[in-house]
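Only the coordinates and a few stated rules stand behind these numbers; no lab work does. Values in this document were obtained by computation on a predicted structure and should not be read as measured data. Here the Cβ positions follow ideal geometry from the backbone for every residue, glycine too, while neighbour counts run over all protein chains shown.
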Amino acid sequence: MGLQHLIVSSIKDLVNHQPTLTAALPGDLHYGKAAGDTARPFGSLTVVELDSEYNSGGCRLVNYVVTLRLYGGQRARTVGELMQDFGSLLNNLHRLGPRALATIPEELGDLVMMIPTGGPMEDDDSREYGKDCIVAQQKWLVRMNESEKTLPQ
């Protein structure tokens, strides 16, 4: 059992405290698929757990890939500016310290690093019958130091 939902919750919380990002995404930021009546543009976050490295003391280092996809709409704000704002917020978030993803309870884990990473533009389930067009995508590698409480039972 990983921290995927809590990672998304923390990122959404960070985004919700950025007026320029919330104003630019009237359809909000969603975990996975957005509802069909979602305002455009909107964002979709997915989190995939990769590998784990067990350490002594009941902890493990876990890598995740967080993918942000922006879907089109009719707004004046350019995609480049919007992605730059997301980058300013999330790139190297770990420099704020291990509690930078604040909605993750301290006893479950700490952020070790969050850095941007490349990858091809990919489609996902958030597209609604071709009505939505992916206009931008960014991925981040997130490494968490997780406690034994997040280990599979």
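Brief remarks on what is shown
- Two-site label geometry, M83 and A102: point separation in nm, points 7 Å out along Cα→Cβ: 2.9
- Extension gain for N55-A39 works out to 1.3 nm (0.36 nm per residue, less the C-alpha to C-alpha distance).
- Label positions at D28 and N91, each projected 7 Å from the Cα along the C-beta direction, are separated by 2.9 nm.
- Efficiency of FRET from Cβ geometry, V135 and I115, R₀ 22 Å, rounded to 0.05: 0.45
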